[in-house]
1. In the calculated pair distance distribution of the stretch 282-344, what percentage of Cα-Cα distances lie above 20 Å?
2. I'd like to compare 281-292, 341-352, 215-226: which one has the highest average count of other Cβ atoms within 10 Å, and what's the full order after that?
3. Computed FRET efficiency, Cβ-Cβ of Glu29 and Arg340, R0 51 Å: what is it to the nearest 0.05?
4. Could you tell me what percent of the accessible area of the stretch 248-387 is made up of carbon and sulfur, with a 1.4 Å probe and every protein chain present?
5. Rounded to two decimal places and with Rh computed the Kirkwood way over Cα pairs, what is Rg over Rh for the stretch 220-345?
6. Based on the Kirkwood radius over alpha-carbon pairs, what is the Stokes-Einstein translational diffusion coefficient of the stretch 316-418 at 20 °C with 1.002 mPa s viscosity, in µm²/s?
Amino acid sequence: MSRTKVVVAMSGGVDSSVAAALLLREGYEVIGCFMRLGSAEAREEAECDIKLHGDGEPGGRGGSIGAPRDAARCASRLAAPTRTSLPQAPRSHKQGCCSVNDAADARLVAAHLGIPFYAVNFERDFGRVMDYFVSEYNAGRTPNPCVRCNDWLKFGRLHALAKDLGAEFVASGHYARVVRGDGSGMTPRSGVGGDAAAALPAAGRARLLRGIDHGKDQSYVLFGTPRERLSEMLLPIGAMTKARVRALASELGLPVSEKPDSQEICFVPDQDYAGFIDRRSPHDLRPGDILDEDGRTIGTHDGHQRFTIGQRRGVPVALGRPVHVIAKDPVANTITVGARERLLRRGCTAAQSNWLIDPPADFIRCTAKVRSTAEPAPARVRAITPDTIEVVFDAPIESVAPGQAVVCYRDDEVIGGGWIEAAT
């Protein structure tokens with residue numbers, strides 16, 4: 001009897017590695033896939049890359065993909081594909097998620113698990129994410145490239161590739177859950193219980209929920225997943241804590257069990273956002289004025305892109321009291337600073353909305369957050385137009401920054417969200 005095939009987005013980290021191992025244990029036919037997005041480091045040899053031809057869409061017009069490669073053969077220069085012979089992966093100096101070392105780690109894990117492995121060249125597609133990052137900062141907004149990467153690549157382009165490989169699902173190591181039917185839980189494919197049982201699909205409408213470990217919850221960065229695509233997603237570790245994932249990785253002998261978590265935007269490994277913007281659009285960072293709350297010039301800056309709404313550290317003025325960036329004007333090239341209480345906002349409007357329930361024309365109760373690390377706050381939300389939503393918080397919250405996402409929840413369920421256009 002043929003097994004259900006799933007493509008796992010393997011980043012070379014512990015979370016996606018455990019996700020692949022759990023699915024394999026539950027009886028799925030697992031294919032590992034590393035998205036090669038480009039790196040400032042030296043290129044790794046690409047003998048295991050999938051080659052995309054024609055218009056770049058796998059299986060599209062004139063498109064084709066390379067034949068599956070055996071992970072053990074691809075990783076043979078690293079170690080033999082056995083549980084006992086694999087050392088811990090070497091620590092990378094870069095804590096992103098798409099470096100040369102990450103690709104090697106993903107390949108090493110695939111060899112350990114004995115699953116097919118691809119490295120897929122998405123560099124051209126990822127250029128769209130970097131262009132978005134730069135253009136948003138230049139427009140005075142605060143971008144979130146991780147959400148866009150998930151929308152456009154991990155659960156966008158990668159789904160198209162999975163279809164070409166005959167896979168029914170795409171899986172990742174996100175701390176979030178996909179549940180179906182009445183929400184009573186998931187059904188293990190093989191009838192075997194354990195850690196993966198709560199993360200595998202049962203029949204019924206798919207819903208996106210927060211991860212059990214709220215301290216690691218990543219449902220915020222998945223809000224843009226199209227509603228119809230949820231039924232094709234598997235999130236095997238969403239019902240586990242980070243501590244349990246680490247422990248399981250060690251129990252399974254995975255060579256990345258001690259690897260540190262990614263903590264940076266992968267294409268800005270030194271966290272110098274302004275430097276990255278300056279290299280890609282060198283004429284857009286220009287000196288400008290720093291204004292106080294009354295509009296008076298009190299200093300100068302080296303480019304409004306160097307500042308985000310709510311920022312306190314690094315503001316080059318000394319007023320004898322703490323000040324935060326409370327506004328930016330990219331046209332006038334000014335930033336305005338003021339007291340922390342000036343950051344408080346009661347709501348926002350957001351465009352490019354994505355609903356995972358039927359859009360409500362009238363306000364409904366929810367909780368909402370405007371940063372991935374924040375706890376959802378009590379609020380109301382409604383759809384103003386098919387593309388635009390309005391969120392009103394019960395009490396004012398800080399740093400509602402245009403360009404960031406506002407994501408709405410009903411209990412633990414993600415019901416929708418959008419990209420903030422204006423704070424109110």
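The values are calculated or read from the model by the stated rules, or taken from the named source; none is laboratory data. On a predicted model such as this, the values are computed, not experimentally measured, just so you know. Ideal geometry is used to build each Cβ from the backbone, glycine not excepted, and the neighbour counts take in all protein chains shown. The protein model used for the area step is the full one, side chains on, heavy atoms only, and it has no ligands, DNA or RNA in it. Shrake-Rupley method; radii C 1.70, N 1.55, O 1.52, S 1.80 Å.
1. Values: 305 of 1953 pairs.
Distances greater than 20 Å cover 16 percent of the Cα pairs.
2. Values: 281-292: 15.2, 341-352: 17.8, 215-226: 21.2.
Ranked by mean Cβ neighbours within 10 Å, highest first: 215-226, 341-352, 281-292.
3. Details: r = 53 Å, r/R0 = 1.05.
Step by step, r from the Cβ atoms, then E = 0.45.
4. It is 46 percent, rounded to a whole number.
5. Numbers: Rg = 21.3 Å, Rh = 18.6 Å.
For the stretch 220-345, the value is 1.15.
6. On the way: Rh = 14.8 Å.
After rounding, the answer is 145 µm²/s.
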